[in-house]
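Encoded as structure tokens, the structure appears first; notes follow it.
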Amino acid sequence: MPAQQSTTENLKTFVPYVEKKGEEYMNDKQKEHFRQILLNWKAELMEEVDRTVSHMKDEAANFPDPADRATQEEEFSLELRTRDRERKLIKKIDSTINLIDEDDYGYCNTCGVDIGIKRLEARPTATLCIDCKTLDEIKERQERG
Ligand SMILES: [Zn+2]
């Protein structure tokens, strides 16, 4: 299974963090910064989910033509899959916010190094540093042959 892609590329309300010299990694200001990013991201996803639901309600008209109905059903199942993906992402965002609360955010799960501000801004739900992630992907590719 490919790694779940979760990036903030669609996030409009994003202001990059400016680090002061000698600033401590994951100090309160940084934690707050990422908490805001995650909360905004979650809010946008939830809006998206709402839009999908109301769109489906609007469109759930009765098409007399079976071909039209089939097309509509296909569209709906696609939307449902999208919604499912969004829901999973929202869950992941929630558990990431928990990590911030527990002071466990921003460190690689495998080797423990700082994941880094820049990488986290691009992928706020990242749990691996770039080296471990790369290694992971190589291994995954090898296992698949
Ligand atoms: Zn690592």
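Brief remarks follow.
- Condition met for residue 88 (charged (D, E, K, R), in contact (Cβ under 8 Å) with a residue 12 or more places away in the chain, in a helix (DSSP H, G or I) and under 26 Å from residue 17 (Cβ atoms)): no
- Condition met for residue 121 (within 20 Å of residue 17 (Cα to Cα) and away from the ligand (no atom under 16 Å from the Cβ)): yes
- If you go through segment 78-104 and keep only what is over 15 Å from the mean Cα position of the chain (by Cα) and either of a type in the set (S, T, N, Q) or on the phi < 0 side of the Ramachandran plot (or both), you end up with 78, 79, 80, 81, 100, 101, 102, 104.
- Considering segment 119-133, and only residues there that are among the hydrophobic types (A, V, I, L, M, F, W, C) and touching a Cys at 6+ places or on another chain (Cβ under 8 Å), the residue that is surrounded by the fewest Cβ atoms within 10 Å (Cβ to Cβ) turns out to be 132.
- Selection status of residue 97, away from the ligand (no atom under 16 Å from the Cβ), open to solvent by less than 80 Å² (accessible area, probe 1.4 Å), of a type outside the set (S, T, N, Q) and within 21 Å of residue 129 (Cβ to Cβ): yes
- Of all residue pairs spaced 6 or more apart or on separate chains, those with beta-carbon atoms under 8 Å, a first member in segment 8-21 that is modelled with pLDDT under 60 and a second member that is assigned to a loop (DSSP other than H, G, I, E, B) are 8/14; 8/123; 8/124.
- Complete set of residues in segment 102-118 that are within 9 Å of the ligand (Cβ to nearest atom) and either in a helix (DSSP H, G or I) or open to solvent by less than 50 Å² (accessible area, probe 1.4 Å) (or both): 108, 112, 115
The values are calculated or read from the model by the stated rules, or taken from the named source; none is laboratory data. These numbers come from a predicted model, not from an experiment. Virtual Cβ from ideal backbone geometry, glycine too; neighbours counted across all protein chains shown. Keep in mind that these areas ignore ligands, DNA and RNA; they rest on the heavy atoms of the full protein, side chains included. Shrake-Rupley method; radii C 1.70, N 1.55, O 1.52, S 1.80 Å.
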